[in-house]
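Structure, as structure tokens:
The values are calculated or read from the model by the stated rules, or taken from the named source; none is laboratory data. Fair warning: this is a prediction, and the values are worked out from it, not measured in the lab. Every residue, glycine as well, gets a Cβ built from its backbone with ideal geometry; the counts of neighbours run over all protein chains shown. Quick note on the areas: whole protein, heavy atoms, side chains included, nothing else; ligands and nucleic acids left out. Shrake-Rupley method; radii C 1.70, N 1.55, O 1.52, S 1.80 Å.
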There are 2 protein chains.
Amino acid sequence: MKTVVMKFGGTSVATPEKIIGVAKRAIREKEKGHRVVIVVSAMGKTTDTLLALAGEISAEPSKREMDMLLATGEQVTISLLAMAFKSLGHEALSFTGWQAGIETESVPRNARIETIHTERLERVLDNGFICVVAGFQGVDRIGNITTLGRGGSDTTAVALAAALGADKCEIYTDVDGVYTSDPRSVTGARKLEQISYDEMLELANLGAGVLHPRAVEFAKNNKVPLSVRASYSDVPGTIIQEVITVEKNLIVRGVAFEPGIARVTVSYKKPFNGSLANIFTKLAEHHIDVDIIVQSITDEFPPSVSFSIKEESLEETKRVLNEFQENIRFSAANYEVGLSKVSIVGSGMVSNPGVAAQMFDILRVQGIPVKMVSTSEIKISVVVPETDMQAAANALHDAFGLSE
Amino acid sequence: MKTVVMKFGGTSVATPEKIIGVAKRAIREKEKGHRVVIVVSAMGKTTDTLLALAGEISAEPSKREMDMLLATGEQVTISLLAMAFKSLGHEALSFTGWQAGIETESVPRNARIETIHTERLERVLDNGFICVVAGFQGVDRIGNITTLGRGGSDTTAVALAAALGADKCEIYTDVDGVYTSDPRSVTGARKLEQISYDEMLELANLGAGVLHPRAVEFAKNNKVPLSVRASYSDVPGTIIQEVITVEKNLIVRGVAFEPGIARVTVSYKKPFNGSLANIFTKLAEHHIDVDIIVQSITDEFPPSVSFSIKEESLEETKRVLNEFQENIRFSAANYEVGLSKVSIVGSGMVSNPGVAAQMFDILRVQGIPVKMVSTSEIKISVVVPETDMQAAANALHDAFGLSE
């Protein structure tokens, strides 16, 4: 008997009608004779409503109590979905995170799953019930409700699939799969039939937005066969797995891009003396995510380091740099906004030298200036002006043979 | 160090502002050096909203899932209230029913509390935290969320007070105490300083509406010192306890009344032969609450029995009687609507014969016909036309010396 975990996000369960639709969809799997576990998020805008409510009480609400508050969102969905199954003649039981045995660290708002005690779910599944589990939430060892942070319901689904030894974990969402690039901006973008965990991880990290990186990492580490597909149609989605048959033998498998990037350049008073660590330690202490870092050690004076951040972190970054200028020991900082990051991703890159050169050449032909570069084994990212972002993505998508 | 349990109902926590008000009120108790436990209900109309949501999914939603759904209501309130305490500079932690160790029977929608495992609350209280506990909910032995039925939050408060050996349990509500009668209808009604558990129990059962009978019974059985007071003002409320100093030495302590009563009279085909049990068994099976039953065994033929029900149950009662007419073996049933029940309550009645006669005389003087009578040791109820209800209540209130 196969075990299937299906995850439906907030937009897929936004109304009672949609919840009944999700139940019908899951019943089709159940009727194939599978053991079925459904993981759901809070309905539509519930989380926003709860956040607003907390905001009326306190400007900086306790994180533990935020978890207590937010966890009600999925609890509403699971109860309604279980009711829907029953009204359609199928036995189902709902489970909150703690009832499903999802034990996490004691880190409010951003806990990682430590163990899943599957005894109760196993028993209920074996008795023929559909299990409806609240995504995004768990319980720490002393019984506090925790939440898993952004993309948490994806992680719940993958972790449950791993713990139950599921044959597949299907993430139902409002797009019908993983695309070579964002179809809203890149005309030739097309859906991938398959993609490797590592490629998906890079795309997820690059803001492709379909799946949360933590969930992909969990799937990779536990070899959970994952798929992303549409909740509104029956077309096959994208399968994410370890070994893939590369379609068309392409080196580049996807083009991701992200606007709203700022570049910060810091010049030192004297040659480099450990200040580099100081800067990034201070920024990390203030929860500012630094992405690309470029440090060129040359004889030029003064030496400098550049790094990219999200534009929304710029004010806070300026504040931190100014506050700790003495400590960090730099002489001047300048800032450039209106930038974007464009990346190409593909497992094949590692064995194909010259992909970066090819990328720069494509951008040069388009007259697009490259401000920063970052490379990994399966990814190359460049920072370019935001006004050139779409053109860069389209040109790369075409030139690397991704377009239909 | 004293322990105080304070309970605030739905209207007292209906908005974020009101929640902050509740926090301020409780902080005053905390600052007296007490250990403070707050029990809260769902905010305002939350429960209605959730019921409506369930109604969109299923006409007859699973009771287990209704509990799962409804329990989110108080969970929202406890998290917000704990946030409010923190924002006012006081340490507080929120607890759902299961986190507070409230173990109940496995009876969805109407579970009774079986045990309270107070270890965690005791520890947290001893560490100086204010404990905010979700009313109305608990958990059964296998980990299903249960709810306690109507008035459940009162019961949670009283049960916690008993389990923690609290020095007082204060029920904050939208009235400032227990009245001799409903001030909206009875002009002379005044607040009682004290009332006994038994009297309160009769008044609660008679629809005085301030406190749920189950909570009063729990308080009586566990000798929990209870008080009812206003959440919006500081005036002292009414203390409910075992032995009371009777003010003014009055025999009658309160007048309760309830409109919307119907009387059903069933005539048998032949002399009484066990049909009586049949009728009330069938009605109980269909969850129809029968209140007063009058059976006069005389030589008259055909024999008959009359009983009172709530008018809203009349259609269902007719259906049950018709369906089981053969089984119940009666020849005819007739129905009278537009009735009401008026009751006088007082512990002193038991040692004062003639109170009933006095009551009938007062009603006779007013020209009010008595349709049915029921007596207990500390209560006499009569069924009178609904149009006479208010006049009856006022006349009894005045004649028994309750008016100011």
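In the range B:85-99 there is at least one residue that is more than 30 Å from A:Pro16 (Cβ to Cβ) and under 25 Å from the mean Cα position of the chain (by Cα). Take the conditions (1) modelled with pLDDT of 95 or more; (2) more than 8 Å from chain B (Cβ to nearest Cβ); (3) farther than 23 Å from A:Glu31 by Cα; (4) open to solvent by 10 Å² or more (accessible area, probe 1.4 Å); A:Ile102 misses just one of them, which is (4).
One line per residue, one yes/no per condition, for (1) surrounded by 24 or more Cβ atoms within 10 Å (Cβ to Cβ); (2) at pLDDT 95 or above:
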residue	(1), (2)
A:Gly143	no, yes
A:Thr147	yes, yes
A:Gly177	no, no
A:Ser181	yes, no
A:Ala189	no, no
A:Glu193	no, no
A:Leu201	no, no
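Among the numbered conditions (1) within 17 Å of the chain's Cα centre (by Cα); (2) open to solvent by 30 Å² or more (accessible area, probe 1.4 Å), the only one that A:Val224 does not meet is (2). For the range A:118-129, what are the residues that are away from chain B (no Cβ under 12 Å) and either closer than 21 Å to A:Thr46 by Cβ or open to solvent by 10 Å² or more (accessible area, probe 1.4 Å) (or both)? Listed by number, the residues that qualify are A:Thr118, A:Glu122, A:Asp126, A:Asn127, A:Gly128. Among the residues examined, A:Val132 does not qualify as more than 10 Å from chain B (Cβ to nearest Cβ) and either of a type in the set (A, V, I, L, M, F, W, C) or not in a helix (DSSP H, G or I) (or both). For B:Thr115, the criteria (1) buried (at least 24 other Cβ atoms within 10 Å of the Cβ); (2) more than 11 Å from chain A (Cβ to nearest Cβ) hold in every case but one, which is (1).
Taking the stated definitions as given, is B:Arg120 out of contact with any helix residue (DSSP H, G or I) (no Cβ under 9 Å at 6 or more places or on another chain) and not polar (S, T, N, Q)? In short, yes. Against the list (1) at the interface with another protein chain (Cβ under 9 Å from one of its Cβ atoms); (2) touching a strand residue (DSSP E or B) at 6+ places or on another chain (Cβ under 6 Å), the condition A:Thr146 fails is (1). The residue pairs whose first member lies in the range B:124-152 and is among the charged types (D, E, K, R), whose second member is crowded, with 20+ Cβ neighbours inside 10 Å, and whose beta carbons are closer than 8 Å, counting only pairs six or more residues apart or on different chains, are B:Asp126/B:Arg35; B:Asp140/B:Thr104; B:Asp140/B:Ala111; B:Asp140/B:Thr146; B:Arg150/B:His212.
Here is a yes/no grid of residues against (1) surrounded by 20 or more Cβ atoms within 10 Å (Cβ to Cβ); (2) of a type in the set (A, V, I, L, M, F, W, C); (3) at pLDDT below 90:
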residue	(1), (2), (3)
A:Cys169	yes, yes, no
A:Val186	yes, yes, no
A:Leu211	yes, yes, yes
A:Ala219	yes, yes, no
A:Asp234	no, no, yes
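Among the residues of the range A:172-208, not one is aliphatic (A, V, I, L, M), in contact with a helix residue (DSSP H, G or I) (Cβ under 6 Å, 6 or more places away or on another chain) and part of a strand (DSSP E or B). Among the residues of the range A:319-364, those identified as free of Cβ contacts under 8 Å to residues at least 40 places away in the same chain, exposed (fewer than 14 other Cβ atoms within 10 Å of the Cβ) and in a helix (DSSP H, G or I) are A:Arg319, A:Asn322, A:Glu323, A:Glu326, A:Val350, A:Ser351, A:Ala357, A:Asp361, A:Arg364. The residue that is most open to solvent (accessible area, probe 1.4 Å), counting only those in the range B:365-376 that are of a type in the set (Gly, Ala, Ser) and either touching a strand residue (DSSP E or B) at 6+ places or on another chain (Cβ under 9 Å) or touching a residue at least 60 places away in the same chain (Cβ under 8 Å) (or both), is B:Ser376.
Quick check, is B:Ala215 in contact with a Leu (Cβ under 6 Å, 6 or more places away or on another chain), open to solvent by less than 10 Å² (accessible area, probe 1.4 Å) and touching a residue at least 60 places away in the same chain (Cβ under 8 Å)? First the steps, then the outcome.
Numbers: in contact with a Leu (Cβ under 6 Å, 6 or more places away or on another chain): no; open to solvent by less than 10 Å² (accessible area, probe 1.4 Å): yes; touching a residue at least 60 places away in the same chain (Cβ under 8 Å): yes.
Judged against the criteria, B:Ala215 is not a match.
Just wondering, is there one or more residues in the range A:377-400 that are surrounded by fewer than 16 Cβ atoms within 10 Å (Cβ to Cβ) and modelled with pLDDT under 90? Yes; the residues of the range A:377-400 include at least one that is surrounded by fewer than 16 Cβ atoms within 10 Å (Cβ to Cβ) and modelled with pLDDT under 90.
Would you pick out the residues in the range B:64-77 that are in contact (Cβ under 8 Å) with a residue 40 or more places away in the chain and at the interface with another protein chain (Cβ under 7 Å from one of its Cβ atoms)? Scanning the range B:64-77 gives B:Met68, B:Gln75. If you filter the range B:5-63 down to residues that are within 12 Å of chain A (Cβ to nearest Cβ) and charged (D, E, K, R), you find that the one that is most open to solvent (accessible area, probe 1.4 Å) is B:Glu60.
One residue stands out among those in the range B:79-95 that are surrounded by 23 or more Cβ atoms within 10 Å (Cβ to Cβ) and facing chain A (nearest Cβ under 7 Å): the one that is nearest to B:Val132 (Cα to Cα), which is B:Ser94.
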